[in-house]
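Notes follow once the structure below has been shown.
Rule-based calculations on the coordinates, nothing more; no lab input. What you see is a predicted model; the values in this text were computed from it and never measured. Reconstructed Cβ throughout: ideal geometry from the backbone, glycine too, with neighbour counts over all protein chains shown.
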Amino acid sequence: MHSSMLILLTITLINILAFTLIGIDKYKSRHNRWRIREKTFFTVAALGGSVGIMVGMYFFRHKTRHTSFVWGIPIILILQVAMICYYIFA
């Protein structure tokens, strides 16, 4: 398997995990159970799961009123896209 395919597979899996974590946290918030820490969401986003977090936020309508998520996750995504563009075109 080529390294680029491995990277793409890894990022895809991280984003599926990120989306799933948002769904789990939404479920737990509705059922008054222990919650996933916000730090965990930001860590997963920084590791490449920012798209999964963003899609999950709006799909599950969860964390969309938290300023740190509304601004923080898109900023992480923009930085990741900028790094990818730099890597590809520099």
Fewest Cβ neighbours within 10 Å first, please rank SER50, SER29, SER3 accordingly. SER3, SER29, SER50
Cβ-based net charge around ASN32, under 13 Å, with every Lys or Arg adding one and every Asp or Glu removing one: +4
Got a sec? Charge dipole of the chain, +1 on Cβ for Lys and Arg, -1 for Asp and Glu; which of LEU6, ALA82, SER68 is way out at the positive end? SER68
Work out, step by step, the length gained on full extension between LEU13 and THR64: first 0.36 nm times the residue separation, then minus their alpha carbon distance; give nm to one decimal. 16.1 nm
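Going by how many other Cβ atoms sit within 10 Å of their own, how do TRP71, TRP34 line up, fewest first? Show your work: numbers first, answer last.
Working: TRP71 10, TRP34 7.
Ranked by crowding around the Cβ, least crowded first: TRP34, TRP71.
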GNM flexibility winner over the chain from ILE53, ILE76, ILE22 (Cα, springs under 10 Å): ILE76
